[in-house]
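Here the structure comes first, spelled out in structure tokens, and everything after it is commentary.
The values are calculated or read from the model by the stated rules, or taken from the named source; none is laboratory data. Only a predicted model underlies this, so the values are computations on that prediction, with no experimental measurement involved. In this analysis, Cβ positions are derived from the backbone assuming ideal geometry, glycine residues included, and neighbour counts consider all displayed protein chains. These area figures cover heavy atoms from the full protein model, side chains too; ligands, DNA and RNA do not enter into them. Shrake-Rupley method; radii C 1.70, N 1.55, O 1.52, S 1.80 Å.
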Amino acid sequence: MLKAQDYATFVNEAWAYRRPLGYYSAATLQPYLPSEIESLKTYDNQKELMRTAPTTDINVSLSGGDKINKIYFSGQYYLQEGILPSTSLKRYNGKLNYEGKISPKLTFTAIANYSSTIRNGQPSATLTAAALSWAPTSPLINPDGGYNYVSDYMYGTGSAQYFDPETGRTVYYNPRFPIASVLTASSAIRNPLSFSGDQGTKNVNTSSQLLAN
């Protein structure tokens, strides 16, 4: 992906070519000033979105018996974290076998298998597309630790901050641009990181199965 300086240069070229064709109003300001481009910081938002995902697999089995009774038990706990936020697969498996001789000619056998699966999945195409379309000059996280919703050239980390009472967000923006324009552009943006966490979107599918003979 483009670094911040290359990206800003291309955005300015697009603005210069498209403006005479009527794509922008006369009041549309140049996205990046030459004095701003050199000091821009590059944000790798794909890397920010992804994470290292460990896998845990624990298996336990017990068996024993005598001439009359025999028993076997096995259990599994499996957890696979996803590389995207709020994605995981958790599974519990249990198996119980029992065999007991009621008489020399009659044997009682019981077999039970239980499994439970919890899938927490997110629309990966939506998350990755959002990260790909996010400008490398704009981070996903603001300096105050909150989610950033200004995904383009109107973002700024200077003294220009605005608290939006409707959404409860603190907006960091470049003071060259009117705050009304910044809020309008950011109102339709969904930060991909906001899908995660306790307040994020959840997509949980739980299934359980018990088979017994």
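Note on Kirkwood radius over Cα pairs in Å: of the candidates (i) 19.0; (ii) 21.8; (iii) 18.2, the value calculated from this structure sits at (ii).
From helices alone, the chain scores -5500 deg cm²/dmol at 222 nm; the rule is -39500 (n - 2.57) for each run of n ≥ 4 DSSP H residues, then divide by the residue total. Pairs of Lys residues in region 40-184 that lie 8 or more places apart, or on two chains, and have C-alpha atoms under 29 angstrom apart add up to 8. The length gained by stretching the chain between TYR162 and LYS105 to full extension, at 0.36 nm per residue less their Cα-Cα distance, is 12.1 nm. Give the relative contact order (percent, whole number) for the chain; include only Cα pairs under 8 Å separated by 6+ residues. Reported as a whole number, the value is 18 percent.
The residues of region 102-213 expose on average 58 square angstrom of accessible surface per residue, using a 1.4 Å probe on protein heavy atoms. Here LYS202 is the anchor, and no aspartates and glutamates lie within straight C-alpha reach of less than 14 Å, apart from those fewer than 8 places off in the same chain. Projecting the Cα atoms of PRO165, TYR43, SER208 onto the charge dipole of the chain, computed from C-beta unit charges around the Cα centre, puts SER208 farthest toward the positive end.
Cα centroids of region 3-34 and region 119-186: 19 Å apart. Using a ≥ b ≥ c from the Cα gyration tensor of region 42-114 (square roots of the eigenvalues), is it rounded, prolate or oblate, where a/c under 1.5 gives rounded and otherwise the larger of a/b and b/c decides, a/b for prolate? Prolate is the answer for region 42-114, as a/c is 1.5 or above and a/b outweighs b/c. Taking GluC sites (Glu not before Pro) as exposed when DSSP calls them loop and at most 15 other C-beta atoms lie within 10 angstrom, the chain has its longest site-free stretch at 39-165.
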